[in-house]
Amino acid sequence: MMLRLDGISGGYHDTLVHRGLSLELGAGEVLAVIGRNGTGKTTLARLIAGELPLAGGSIRFGGQDITRLSSWDRARRGIVSMPQTDMVFDGLTVAENLALTGAKSLGELGKRFPRIAQRMRQTAQTMSGGERKILGFVRALVSPGKLLVLDEPSEGVQTENIDHMVACIRQACADGTACLLFEQNIRMVEALAHAVIGLDSSGVCYRAEGQEISRQDMLATLSL
Amino acid sequence: MGFIAAVNLALLGLLLAVPAVWGDFVTWQLGLYLLYGIAAQGVGLAWGRGGFLPLGNALFFGVAAYVSAMVLNATGGAFLPNLLAMLVCAALLAALAWGLAAAIFQGRTESGPYFSLITLALVLIVAQLAETAQPVTGGFNGYSGYDSIAGLDPYGNLYYLIVGLVVITSFCLMLLEKLPGGLILRGLVSQELRLQTLGFATHRVKAWAFALSAFITALAGGLYASHQGIVTPQATGFVLSSELLIWAAVGGRLHPLGPLVGAVVIGFLSAELRDTYLWWEVLIAFLFLIVVMMAPGGAVEMITRLARKLGWHAPKLTVAPNPAPPARAKAVNGPLTLRGVHVSAGGVHILEGLEFTCPARGFLCVIGPNGAGKTTMLKTITGAMPVERGEIRLGERDITNVPQYRALAHGIGRKMQIPTVFQDLTVDENLQLAALAGRTGPLDYFRVAPLGWQVPELGRLLDQPGVPLADLGPVAAGALPQGHRQMLELCLTLGATPHVVLLDEPTAGMSPEETGLMVRLIRDYQAQTGAFVLVIEHDMALVQSLDADVLVLHQGRRFAEGSFTEVRANPAVTEVYAGGHK
């Protein structure tokens, strides 16, 4: 298993958002986590990236226990996180943003998102909201890593570019990368997920794999 | 009587008992430290509440001290003329501070090092003047040989006058915290940009805070002249300025009593250590380091946090709900029009001659590829980004490049792409600010009733089934998930019932169900008020459900427009942008 959460709990200060949550994700797989607002998607992403401390349980990554590792240690071991907001360095140019990942070239990504390749000298803060999301996504995809943790990459992004994102994630998975996708966009989830976990206020309320994944059930998870 | 009130009265009792219990010299020392403490309260107000760091408040302290000393000399210490002179001098210095802060902060949203550096420069200049203008100030030797105010003894009765001033400033500052003015100041520190879109001229808010800061510091300086019997250039120097900061930081800049505690504790500690321990300044410096690192809010903040843990809460001001006055926005007498609007940022052209006339009421959806200039279009309408060429009109009024805080007065409200709610404030306080927006007159900042203002449109919105904010009143807005923030941001936008509502991706990050709720809320508002609502969206199902005209932007220009069906059927549009659904 690439990633394994064993009964993890965590949240903010005194409020636990997750209690005893477990999941597994293998190399080359996409696990989508869906749920309405306030069910703890972002919290879970941050717990895995190491931005929030665990209150209980353990996290194993690539066979090693990383429960007590800091966020930068996890990043070094190959957990690439794209947060929901602040996914780019506002004051840096596109080129500088990409250079920080250590990647030498954009490769296929440059063709899919030509705007990024054309705007290398533009400062990220002068880009539009959707373009910044795309830049954040490209940053995540060119980063050398084994696990992508993507928190709502499609938010504010036009459909064509969402389709490009889907293709890029598929390619990364074909190369053995695992992906944990936090999304509300059911189309994107349908296109990618090998497995789906649905969250509601009391925890995991839905689990499905492969053929069992149904749009109907996912929409039911997202409704009140 | 509340617990907090009991603590405050006990502290006052302690102050009044000092002369009888500890004698003349301690009384004199405490009087001096309290005066420093009052001056530091002024610094605490600007730094802790206004969010900007003044490095030059000794200027107000020292100038007031010199003026007071000269008036005392001329009048022989008579009480009323000198009191009057102190007040007038403090008011003039406050006016100077107001002008200074308003000029520095206009057009900026950051609290900036500029302000700190300019105040530092001023205090250095004034200290130099005090030293060189020997015939007037006595120069290095100081100005002395005058009576104290009303002939009060600095070792005796003058102390009670100082305690009186402590009570007045502390009471006023504590009161201000509870009033709309205090709420607005906290909102300013939390999210200045949002406060501007709510119609508050934040540079003026900061100017008032700095004026009050200068006023308080100057009053302390006035009494200082009587207390010391001599005023030297040190009273207006940089060293005193930085000491004021240290006292405010150690005692607690966020609480009205913090700077007082800081000045008194450090004052007595220094006095004790100075004679017994050679390295006393190093010790004080370490104390400063420890407090700032362990308790960034200072000693009083540490105590109040402990008190809250033990269940002693500050009494909550209960305000009866009362109807809000109508919003003060100008009537809108025509459609929003953009003519040849050019905008660029960082060398990139974002809008290149955008031409468009919006409908006068109802809905308009703006769609287009990422980077087409949709958000920029909204920003230029509200003055958040400068128009280089072209003009924007609302009816007959030219609103090209209005300052951002004026947009609401023109009847324009904007919901931003990434919600910018007041994260440090609770949901209730956010909603209070939403109700204050665009409705306050100058006196309303100092009345309790506006905190209970009820806006019917806002009330209806919050009462809709599914809106999650009603039960979240005491929660800090920063702890809300993204979708809840979108709802709160919508409330902040609609609180002033603007006629022109600009919504930037209001359903981003929302599930299909929440999206449906958001659409219901927006439709409901439009039906009630007859407003014009512009919505930027990528979700075509939503665009279709609004059944509105659609404007397609591409590369900073109008690319196409028409009904949803027309735009959908336009092959040129599908070429650049297909749009999708969730």
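Only the coordinates and a few stated rules stand behind these numbers; no lab work does. Every value quoted in this text rests on a predicted model; they were computed, and no experiment measured them. Cβ: placed from backbone, ideal geometry, glycine included. Neighbour counts: every protein chain shown.
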Q.
Just to verify a number: FRET efficiency for A:Arg207 and A:Ser70, C-beta to C-beta distance, R0 = 30 Å, to 0.05?
A. 0.50
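What size of dipole, in debye to the nearest 20, comes out for the stretch B:349-439 about its Cα centre when the only charges are +1 on Lys and Arg C-beta atoms and -1 on Asp and Glu C-beta atoms?
180 debye
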Q | C-alpha long axis of helix B:3-22 to longest principal axis of chain B, angle in ° | A | 20 degrees
Q: Before rounding to the nearest 500, sum -39500 (n - 2.57) across all DSSP H runs of length at least 4 in chain B and divide by the residue total; then give [θ] at 222 nm in deg cm²/dmol.
A: -17500 deg cm²/dmol
(Q) Please give the charge dipole size of the stretch B:14-237, origin at the Cα centre, charges +1 on K and R Cβ atoms and -1 on D and E Cβ atoms. Round to the nearest 20 debye. (A) 720 debye
Q | For chain B, with +1 on Lys and Arg beta carbons and -1 on Asp and Glu, the positive-most of B:Ala320, B:Val348, B:Ala295 along the dipole | A | B:Ala320
**Q.** FRET efficiency, A:Leu219 to A:Asp6 (Cβ-Cβ, R0 35 Å, nearest 0.05)
**A.** 0.70
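Give the percent of DSSP beta bridges with both residues in chain B that are antiparallel, rounded to the nearest 5. All intermediate terms of the calculation are to be shown ahead of the outcome.
On the way: 22 of 43 bridges.
Around 50 percent antiparallel, to the nearest 5.
Only counting other Cβ atoms within 10 Å, I'd like B:Phe446, B:Phe238 sorted with the fewest neighbours first. Don't skip to the end; give the middle numbers.
Details: B:Phe446 13, B:Phe238 17.
Starting with the residue having the fewest Cβ neighbours, the order is B:Phe446, B:Phe238.
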Q) Stretched out fully, how many nm does the piece from B:Leu462 to B:Glu281 gain, at 0.36 nm a residue minus the Cα gap? A) 59.5 nm
**Q.** Rounded to 10°, Cα long-axis angle of helix A:159-174 versus longest principal axis of chain A
**A.** 70 degrees
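Report, in debye and to the nearest 20, how large the dipole of chain B comes out about its Cα centre when Lys and Arg carry +1 and Asp and Glu carry -1 on their Cβ. Intermediate results must be reported in sequence, preceding the final value.
Working: 35 positive and 38 negative charges, 129 e Å.
My answer is approximately 620 debye.
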Q: Quick one: of A:Lys111/A:Lys146; B:Lys206/B:Lys379; A:Lys111/B:Lys374; B:Lys330/B:Lys374; A:Lys41/A:Lys133, which pairs are farther than 20 Å apart, Cα to Cα?
A: A:Lys111/A:Lys146; B:Lys206/B:Lys379; A:Lys111/B:Lys374; B:Lys330/B:Lys374
(Q) If I fit a long axis through the Cα atoms of helix A:129-142 and take the longest principal axis of the Cα atoms of chain A, what angle between them do I get, 0 to 90°, rounded to 10? (A) 80 degrees
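In peptide B:479-487, how many Cβ atoms from other protein chains are near each Cβ within 10 Å, on average? Please report the intermediate quantities before stating the final value.
On the way: counts 3, 2, 11, 10, 5, 2, 1, 1, 1.
Other-chain Cβ atoms within 10 Å of each residue's Cβ, averaged: 4.
From the helices alone, meaning DSSP H stretches of at least four residues, give me the mean residue ellipticity at 222 nm for chain A, per-run term -39500 (n - 2.57), in deg cm²/dmol to the nearest 500.
Rounded to the nearest 500, the figure is -9500 deg cm²/dmol.
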Q. Between B:Arg568 and B:Glu513, what is the spin-label point distance in nm, taking each point 7 Å from the Cα along the Cα→C-beta axis?
A. 2.6 nm
Q) What order do you get for A:His18, A:His194 when you list them from fewest to most C-beta neighbours inside 10 Å? A) A:His194, A:His18
Q | HN-Hα J in Hz across the stretch B:63-71 - Karplus 6.51, -1.76, 1.60, θ = phi - 60°, x for Gly and Pro | A | 4, 4, 5, 4, 4, 4, 4, 5, 5
Q. Over all residues in B:367-377, what is the mean tally of Cβ atoms on other chains that come within 10 Å of each residue's Cβ?
A. 5
Q | Contour excess over end-to-end distance, with Cα ends at B:Cys172 and B:Phe268 and 0.36 nm allotted per residue | A | 31.9 nm
(Q) Compute the distance from the alpha-carbon center of the stretch B:296-374 to that of the stretch A:155-201, in whole Å. (A) 32 Å
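Residues of B:504-512, mean number of Cβ from any other protein chain within 10 Å of their own Cβ, rounded to a whole number? Please report the intermediate quantities before stating the final value.
Working: counts 2, 4, 0, 2, 9, 13, 5, 14, 8.
Mean shielding count: 6.
Around B:Glu561, under 11 Å between beta carbons, what's the net of Lys plus Arg minus Asp minus Glu among the other residues? Numbers along the way, then the final one.
On the way: positive: B:Arg558; negative: B:Glu355, B:Asp549, B:Glu566.
Net of charged neighbours comes to -2.
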Q | Derived scalar couplings ³J(HN,Hα) [the stretch B:499-515; Karplus, 6.51 cos²θ - 1.76 cosθ + 1.60; whole Hz; x for Gly, Pro] | A | 7, 10, 10, 10, 10, 9, 6, x, 10, 4, x, 10, 6, x, 5, 5, 4
Q) Within the stretch B:450-471, what residues put their amide N at less than 17 Å from the label point 7 Å along the Cα-to-Cβ vector of B:Thr318? A) B:451-453
Q) Of B:Pro135, B:Ala235, B:Ala211, which is farthest along the charge dipole of the stretch B:14-237 in the positive direction, counting Lys and Arg as +1 and Asp and Glu as -1 at C-beta? A) B:Ala211
Q: Find which of B:Phe25, B:Val43, B:Val123 sits farthest along the positive direction of the dipole of the stretch B:14-237, computed with +1 on the beta-carbon of Lys and Arg, -1 on that of Asp and Glu, about the Cα centre.
A: B:Val43
Q. Which residues does a label at B:Tyr160 reach in the stretch B:2-44, if reach means a backbone N under 18 Å from a point 7 Å past the Cα toward the Cβ?
A. B:12-32
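Lys and Arg at +1, Asp and Glu at -1: add these up for the other residues within a Cβ distance under 10 Å of B:Trp280 and post the number. Could the numbers behind the result be given before it?
Numbers: positive: B:Arg274; negative: B:Glu272, B:Asp275, B:Glu281.
For residues surrounding B:Trp280, the net value is -2.
What's the extension gain from B:Asp428 to B:Ala74 if we count 0.36 nm per residue and subtract their Cα-Cα distance?
Values: separation 354, 0.36 × 354 = 127.44 nm, distance 5.43 nm.
Between B:Asp428 and B:Ala74, full extension yields an extra 122.0 nm.
Which order do A:Ile8, B:Ile290 fall in if you start with the one that has the fewest other Cβ atoms within 10 Å? Before the final figure, lay out the partial values.
On the way: A:Ile8 21, B:Ile290 11.
Fewest-to-most Cβ neighbours within 10 Å comes out as B:Ile290, A:Ile8.
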